[in-house]
Each structure stands twice: as C-alpha cells, then as structure tokens.
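Q: Sharing a structure here in structure tokens format.
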Amino acid sequence: MTLDIRTLTFNLLLFALVFAVGMYFVQRSQPGVRGLRWWAAANAVGGIGFMLLSLRGLIPDFISIVIANCLLLAALFCFHEGIARFRRLPNRMPWLGSLLVTILALLLFRYTYILPSIATRIVIMALLTAIPAVMAARLLVLDVPPRLRSSYWFTASAFIQFAVVSLARAAYTLMVPPADLMSAGPTHAVYFLSIFFLLVVATFGSVWMTTVHLGMELEHQARTDPLTGAMNRLALTESVVRDLSRARRNDRPLSLLMFDLDHFKHLNDRFGHQRGDAALMAVAAATRQELRLSDMLARYGGEEFVVILPDTDKANARDTAERLRRRIEALKIDRGDGSVLTASYGVAAFPADGADLDSLIARADAALYAAKAAGRNQVMAAEMPA
C-alpha cells in the first residue's frame with residue numbers, strides 16, 4: 001500500500017488546526033501557565049503550512065514551496081519558544097528562528113526558480129528543521145525535576161525522533177533524489193508520518209506537562225503562607241516529622257528556633273495592617289537569605305515564625321538565631337513608637353529538649369517568652385530538663 005503524501009499533508013492540516021484550537025482553550029482556562037499560547041501558535045502556523053503544502057501544483061510554487069516550508073520551520077521554533085517560556089528559561093538566541101526562516105526562504109527561492117532542484121530543497125528543509133527539534137528536546141531533558149521527568153521526556157521523544165527522521169531523510173535524498181515531492185517514495189512518507197507523531201505527542205505532552213505543573217502549584221499553595229512565602233503549619237508538621245526521622249536514624253542533631261516580632265502591634269496600630277504585612281514579608285525575606293538550602297522557615301501564626309535547622313546542635317543554632325536577630329534589627333523597620341522592629345528568639349534542640357515537634361515547640365516557646373521577659377530583642381535557649 002502506497003501512502004499518498006498529499007493526503008498525509010491534508011490530514012496533518014486537520015490535526016494541527018484541531019490541536020491549535022484545543023491548546024487555545026487550554027490557554028484561556030489557564031492564563032497563568034506560560035508557553036501555552038506559543039504551542040497553540042505552533043499548531044496553527046504548522047497547519048497553515050500543511051494546507052499550502054497539500055496544494056502543491058494547484059497554487060503558485062512560491063506559496064506552496066517557499067511560504068509553506070517557511071511556516072513549517074517557524075512552527076517548530078514556536079514549539080521551542082513555548083517550551084522555554086513554560087520552563088521559565090531564557091531564550092539565549094531569540095533571533096535564530098527569524099534568521100533560519102529567512103535563510104530557508106532565500107535558499108528555497110534559489111532552488112525553485114534559479115537552480116530548480118527538489119532534492120536540494122528537501123535536504124535543506126530536513127537539515128534546518130532538525131535544528132529547532134534538537135533545541136526543543138534539549139530544553140526538555142536538562143535539569144528536569146524528578147516529578148516532571150516523565151512528562152518532559154515523553155514530549156522530548158517526539159522532537160528527538162523527528163530530528164532523527166529528518167536527518168535520515170536528508171541522507172536518503174542525497175542517495176536517491178526524487179523527481180517530485182508528491183510521489184517521493186516511502187521514505188518521504190515516513191517523514192510526514194513522523195511529523196504527525198510529533199504533533200500528537202508534543203500536544204498531548206504539553207497538556208501532560210501543564211497538568212503536572214498545575215498539580216505541583218496547587219500543592220505548593222496548600223503548603224505555603226500566601227503573605228510571606230514561608231511554609232505554613234501543615235508543611236512544617238510534615239517536614240519536621242521527616243527531618244526528625246532522618247536525624248534519629250542517622251544519629252544527627254536538629255534544632256528549632258521560634259521567634260516573635262517585638263511589639264508588632266505598635267506597628268499595626270500606628271501604620272495600619274498594610275505596613276504590618278510589608279514588615280512581615282521583609283522579615284521573612286531577610287531570614288531566608290541567612291538560612292541554608294536545607295533549613296526551613298515557617299510562619300507559625302501572626303508575627304510568630306519557626307525555623308528548622310537540620311544537622312545543627314544547640315550552640316550553633318543559638319549562633320544562627322543571634323545572626324538572624326541582628327539581621328532583622330538591621331532592617332530598621334519603624335515600629336511606630338520611636339524604635340525599630342526587633343525579634344526575640346527561643347532555641348530548642350533534638351534530642352535534648354524533645355523527641356517530637358510538639359515538645360520542641362513547647363521548649364522553644366518557653367525560651368522565647370523568657371527572652372521577652374528579659375527585655376526582648378535577644379536569644380534564649382531552652383534549659384535542660386531537670
């Protein structure tokens with residue numbers, strides 16, 4: 001059975017336009033997800049290119065050859081741009097797509113009207129389309145978080161196979177030059193089938209990536225304090241259980257800091273809750289800057305925060321608390337009573353002060369109130385139980 005290339009290109013047109021409409025509505029329903037508009041554009045631009053290609057011999061060659069193939073190359077760069085935006089990665093060569101499309105147009109014009117050669121046109125098109133396919137695959141396989149790996153690699157497989165088939169098509173064409181595209185033989189039909197595979201897998205892959213991304217975003221929102229960006233109490237509980245289990249298993253220390261902003265009510269009463277919220281965000285940001293990647297900051301309630309310090313004994317935890325205390329004081333946030341905003345700290349450590357979160361919180365809270373009673377803006381460590 002012979003596959004008719006004109007029929008294949010017409011079917012590609014239908015699928016591309018359906019996928020373009022589908023991606024458009026996905027983008028409308030999820031406007032916060034970057035890249036979806038570019039993926040919709042890729043399908044739309046590619047669909048128009050397939051339409052013009054399927055009309056070869058029925059419309060002027062300039063449209064069915066030069067413009068059609070330039071649109072197909074542009075569609076691949078739209079896919080690449082969409083992936084870059086979805087992953088929030090910089091496009092270090094934004095000019096490359098325009099440059100290669102321009103070069104393709106000039107070469108196609110030359111080998112259509114000046115030195116007519118369908119074989120040369122096929123080789124040029126195959127080589128140039130392999131470039132954005134490889135670039136897109138590269139964005140999808142490098143530095144991928146484990147939870148996203150399956151969806152990313154699934155999508156990358158479509159671009160990899162297309163690049164391989166494109167290069168094979170170029171090599172085959174050099175060995176067996178065709179007389180006409182629409183009767184170019186099974187190898188070229190396989191090329192168009194690979195485009196169909198690319199459209200289907202890339203589109204479904206993009207929906208899969210979007211679904212996983214949204215799930216992770218919802219999970220992040222459920223575990224994060226919306227004002228300060230610190231973890232909330234749910235995330236604190238889950239993380240401490242995990243960290244304590246690791247510390248117990250490996251016989252490693254773990255410390256907990258609890259701190260409260262001194263006379264925070266004065267700031268709210270004097271300047272309003274908006275300024276109070278700004279102060280909380282500034283304190284959280286400054287605290288995060290002083291912590292290690294393995295440490296965790298959580299908002300415990302109101303102006304009260306908790307810091308978890310894995311692999312840190314009480315002495316080092318106290319030094320960390322002192323550094324944080326000085327950093328908050330250095331922010332020089334006007335408290336509204338002639339003083340700057342400060343914080344008091346309580347320190348507790350596993351296993352000396354407790355073996356679970358509740359006991360560590362209780363000991364750190366007692367030390368915190370001792371710091372308040374001693375004059376505020378200082379650090380107190382939990383005393384050893386009698």
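Q: Going by amide H atoms built from the backbone, whose H comes under 5 Å of the H on residue 342, apart from near neighbours?
A: It is 262, by chain and number.
Q: Can you list which of the trypsin sites (Lys or Arg not before Pro) found in the range 242-330 are DSSP loop residues with at most 12 other C-beta atoms within 10 Å?
A: On the way: sites: 242, 246, 248, 249, 265, 270, 275, 288, 292, 299, 314, 318, 323, 325, 326, 327; in loops: 292.
Within the range 242-330, the qualifying trypsin sites (Lys or Arg not before Pro) (loop, at most 12 other Cβ atoms within 10 Å) are 292.
Q: Follow-up. Name the residues of the range 343-386 whose amide N is less than 15 Å from a point 7 angstrom out from the Cα of residue 292 along the C-beta direction?
A: Of the residues in the range 343-386, 350 have backbone N under 15 Å from the label point off residue 292.
Q: Under 25 Å Cα-Cα from residue 332, which lysines qualify once same-chain neighbours fewer than 8 residues away are excluded?
A: Excluding near neighbours in sequence, the set is 265, 372.
Q: With θ set to phi - 60°, apply the Karplus curve 6.51 cos²θ - 1.76 cosθ + 1.60 along the range 266-271 and write out the HN-Hα couplings as whole Hz, x wherever there is a Gly or Pro.
A: My calculation for the range 266-271 gives 4, 5, 5, 5, 7, 10 Hz in order.
Q: Which of 176, 33 has the fewest other C-beta atoms within 10 Å, and how do the rest follow up to the most?
A: Numbers: 176 11, 33 18.
Lowest to highest Cβ neighbour count: 176, 33.
Q: Want the number for residue 219 to residue 304: 0.36 nm per residue separation, take away the alpha-carbon distance, what's left? Working shown, then result.
A: Values: separation 85, 0.36 × 85 = 30.60 nm, distance 2.32 nm.
Gain on stretching residue 219 to residue 304: 28.3 nm.
Q: Which one is right for this structure if Cα extents along the principal axes in Å is calculated from it: (1) 94, 48, 30; (2) 60, 46, 38; (3) 70, 49, 34?
A: It is the value labelled (1).
Q: Related question: Going by how many other beta carbons lie within 10 Å of each one, how would you line up 67, 195, fewest first?
A: Sorted ascending by nearby Cβ count, the order is 67, 195.
Q: Lys/Arg Cβ at +1, Asp/Glu Cβ at -1, dipole of the chain taken about the Cα centre: which of 35, 234, 266 is farthest positive-ward?
A: Farthest towards the positive pole: 35.
Q: Using label points projected 7 Å from each Cα along Cα→Cβ, tell me how many nm separate residue 313 and residue 355, to one decimal.
A: Going from the residue 313 label point to the residue 355 one covers 2.2 nm.
Q: Let me ask something else about it. For the range 295-305, take each phi angle, set θ = phi - 60°, evaluate the Karplus expression 6.51 cos²θ - 1.76 cosθ + 1.60, and give the result in whole Hz per residue in order, putting x for glycine and proline.
A: 7, 9, 10, 9, 8, 8, x, x, 9, 10, 10
Q: Please work out how much length the chain gains when fully extended from residue 142 to residue 250, using 0.36 nm per residue of separation minus the C-alpha to C-alpha distance, in nm with one decimal.
A: So the chain would gain 35.7 nm between residue 142 and residue 250.
FYI, it's all coordinate maths here, none of it is from the lab. All figures in this text were calculated on a predicted structure; none of them were measured in a lab. Because the Cβ atoms are built from the backbone with ideal geometry, glycine has one as well, and the counts that use them run over all protein chains shown.
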